[in-house]
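Written below as structure tokens is the structure these notes are about.
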Amino acid sequence: MNVDLKSKFTGALIGSAVGDALGAPVEGYNMERVSSVYSDGKGWEMIYGRYTDDTETMIGVAESLIENKGFNGSDMALKFIRNYDARRGYGPGSKEALRRISEGESWEEASKKLFGGKGSYGNGAAMRIAPVGILYYDNADVLREIAYKSSHITHSHELGKEGAALQAFSIALAVRGQKEGMLLGLKEFVKNEVYKEKIRKIEMLLDKEANKKEIISELGNGEVAFNSVPTAIYSFLRFDNFKDCVVYAVSLGGDTDTIGAMAGAISGAYYGEGAIPEEWVEKLEEGEKGKSYIRWLGEELYRVKFG
Ligand code: F2R
Ligand code: MG
Ligand code: MG
């Protein structure tokens, strides 16, 4: 694969937004209901093109990394709060963490209070992590550090942070063009036993061309990080093009916008923006922070990286 790096940077962000918008109208539906919506007449045409919290928070991560040329926790939290639009459909934990910060708690402390003091292991940190995956694609240690720190603003549970780091590193390997070696790279990278086991399952499921029911039961399709990040990685590894990967991720049902966004980010980072179906990009929302702005954020991250 010979895809230019700038197109991988913009591809990761636009790919994530496209996956989010494709999955958004069917979020929470089961597999059968998703197929009745997307196969009724029009097939896999984008319905509204409106993105959700997944993309809105990804925009905040990108804006802050660009403006600060790296991580700044209080600024990133502020970007999340300024961009926050409740109509995009936020998870209760993220909403609560951002409310606490907007009322004066520090970004280091607010997320620790959630879920009885355990912190969130929802997929809200992983779904927004694409800018970290591309900016630090060539340095796994820095990538992990920034993935953990940016997650911590809303997700302080180890499983929430590790899920975000795993998703970021998958994007990094995709930028490097390492699809064949991705599982080996992820095995060496991941620290938590829950994710190690999921990676073993991905390998086993790829070997046997498993059906969708097995994927849902073994990898998950829910809104906690360990039941969605591995599913997005599997969706990328199973197919050889952007469209089939994202269609498959959404077709599993459950947290469709988020699994679609994460699969789209990895796939866009691997194949580049040019591989994303034009008709999907055309339908993706425009406006102040729409597709042109998201593409520009990808270009700016490239500029921060390479000058
Ligand atoms: N919120 C939604 N979708 C529902 C509303 C959409 C509807 N279409 C609309 O427009 O209104 N989607 C978004 O939320 C998910 C990301 O969630 P996030 O940001 O991680 O939130 P949270 O609440 O921290 O975690 C999600 C759930 O995971 C469980 N959980 C997390 N930590 C837990 C813990 N320590 N113990 C027990 N359970 C834990 C809880 O059920 C959380 O609510 C994405 O799908 C995004 O698209
Ligand atoms: Mg969402
Ligand atoms: Mg979701």
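Read the figures in this text as sums done on the coordinates, not as results from a lab. This structure is a prediction, so every number in the text was calculated from the model and none was measured. Here the Cβ positions follow ideal geometry from the backbone for every residue, glycine too, while neighbour counts run over all protein chains shown.
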key: the range 54-167 - convex hull of the alpha-carbon atoms, volume per residue in Å³   = 83 Å³
request  = Could I have the simple spin-label model distance between Arg200 and Ser106, label points 7 Å from Cα toward Cβ, reported in nm to one decimal?
outcome  = 4.0 nm
request  = Mind jotting down a quarter of the surface of the convex hull over the alpha carbons of the range 1-109, in square nanometres, one decimal?
outcome  = 9.4 nm²
query = How big, in percent, is the set of alpha carbon pairs in the range 75-136 lying more than 18 Å apart?
reply = 37 percent
ask   = How fast does the chain diffuse by Stokes-Einstein, in µm²/s, taking the Kirkwood radius from C-alpha pairs at 37 °C and 0.692 mPa s?
value = 177 µm²/s
Total formal charge among the other residues, if their Cβ is under 12 angstrom from that of Gly222, Lys/Arg +1 and Asp/Glu -1 = -3
key: Average projected area [Cα convex hull, the range 141-285], square nanometres   = 8.5 nm²
note = HN-Hα couplings for the range 54-60 via Karplus (6.51, -1.76, 1.60; θ = phi - 60°), in whole Hz with x for Gly/Pro, come out as 4, 7, 4, 6, 4, 4, x
Stretchable slack from Glu158 to Ser39, in nm (0.36 nm times residue separation minus alpha-carbon distance) = 39.0 nm
remark   = Contour minus Cα-Cα span, Ile47 to Ala86, at 0.36 nm per residue, comes to 12.0 nm
task = Search the structure for amide H atoms under 5 Å from the amide H of Asp255, placed 1.01 Å from N in the peptide plane, and list their residues when 5 or more places away or on another chain.
result = Gly28, Gly222
remark   = Sparse-neighbourhood loop hits (GluC sites (Glu not before Pro), the range 61-165; DSSP loop; Cβ within 10 Å at most 10 others) -> Glu103
ask   = Can you list the HN-Hα couplings for the range 111-117, worked out from phi with the Karplus curve (6.51, -1.76, 1.60; θ = phi - 60°), rounded to whole Hz and with x for Gly and Pro?
value = 5, 5, 7, 6, 6, x, x
message = Percent of Cα-Cα pairs more than 19 Å apart in the range 153-221, please.
response = 40 percent
ask   = Tell me, what ³J(HN,Hα) does each residue in the range 195-203 have, in order and in whole Hz, if you take phi through Karplus 6.51 cos²θ - 1.76 cosθ + 1.60 with θ = phi - 60° and put x for Gly and Pro?
value = 6, 4, 5, 5, 5, 4, 5, 4, 4
message = So if I restrict to the alpha-carbon atoms in the range 207-291, what is the Rg, and what is Dmax, the biggest pairwise distance, in Å?
response = 13.2, 45
inquiry  = Lysine pairs in the range 25-173 with Cα distance under 22 Å, only those 8 or more apart or on different chains: how many are there?
reply    = 20
ask   = Relative contact order (percent) for the chain, with alpha-carbon contacts under 8 angstrom and 6 or more residues of separation?
value = 34 percent
